[in-house]
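Colleague: I'd like to ask you about the structure that follows.
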Amino acid sequence: TQPKPGWTVATTTRTLDEAIARARGEWDILTGLMIVLAAIASIVAAVGVYGVVAFAAASRRAEFSIRMALGATVPDIRRQVLRTATAMIAGGLVFGLAGAAGLMQVLRARLVGVTVTDPAVWGSAAVLLVVIVALASIAPARQAGRVSLAETLRAM
C-alpha cells in the first residue's frame, strides 16, 4: 500500500535488544530515582532514630547515674539504652512490614522478577532497617555510659 499524499513513512531498523532498552529506559530512570530517594529516606530515618534514642537516654540520665552509683556497670547502662532501641526496631518492623505488604499489592503489576511474597526482599529490608537502627543507637548508648552522679546532681 502506498502512503497518502504528504505523509512520510519512517523506516528504522532496530535490534530486539535496542527496542527493549528503549522501552525500559523510563523504568530505568524511575528505578534510579527510587534508589536515590530510598537512600535519602534511610539517612533521614537514621538521624530520626538517633535523635529519639539520644533524647530517651538523656531524659534517663539521672536514673543512669544513680544506677551507676549503686553498682551498675557501663555495659549495663549501654544495654538499657540499646533495649529501648530494640523496642523501637520491633514496633517499626511490625508497622513497616504491614504497610509494605499493602503497598506491594499496589505495585504487584510493576514488579519484574520478584513476587509479592519474596522472602529475600522482605528479609533484606528487615535486616537493613535493623542495621540502620543499631548503627544510629551506638552513639547514644556510648554517651549514656559516660554519665556521672556528681555532674547529674549539680545539674539538678
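Colleague: Using a Gaussian network model on the chain with a 10 Å cutoff between Cα atoms, which of L82, L30, L129 fluctuates the most?
Modeller: Maximum fluctuation in the GNM of the chain, among the listed residues, is at L30.
Colleague: Among R22, R108, R78, which one shows the highest mean-square fluctuation when the chain is modelled as a Gaussian network with alpha-carbon springs under 10 Å?
Modeller: In this elastic network of the chain, the residue with the biggest mean-square fluctuation among R22, R108, R78 is R22.
Colleague: Note down the relative contact order for the stretch 36-156 as a percent, whole number, built from C-alpha pairs under 8 angstrom at least six residues apart.
Modeller: Details: 78 pairs, mean separation 66.4, N = 121.
In percent, rounded to a whole number, it is 55.
Colleague: Just the accessible area for V74, please: 1.4 Å probe, Å², rounded to the nearest 10?
Modeller: Accessible surface of V74 is approximately 50 Å².
Colleague: Moving to a separate point now. What residue among T86, T13, T73 has the largest mean-square fluctuation in a Gaussian network model of the chain, using Cα springs under 10 Å?
Modeller: T13
Colleague: Then there's this: In the set (i) 1.32; (ii) 1.02; (iii) 0.94, which value of Rg/Rh (Cα atoms, Kirkwood Rh) was calculated from the structure you see?
Modeller: (i)
Colleague: How much of the accessible area of the chain, probe 1.4 Å, is carbon plus sulfur, in whole percent?
Modeller: Numbers: 7900 of 11500 Å².
Exposed carbon and sulfur together represent 69 percent of the surface.
The values are calculated or read from the model by the stated rules, or taken from the named source; none is laboratory data. All of these numbers come straight from a predicted model, not from anything done at the bench. Side chains included, ligands, DNA and RNA excluded: accessible areas come from the protein's heavy atoms. Shrake-Rupley method; radii C 1.70, N 1.55, O 1.52, S 1.80 Å.
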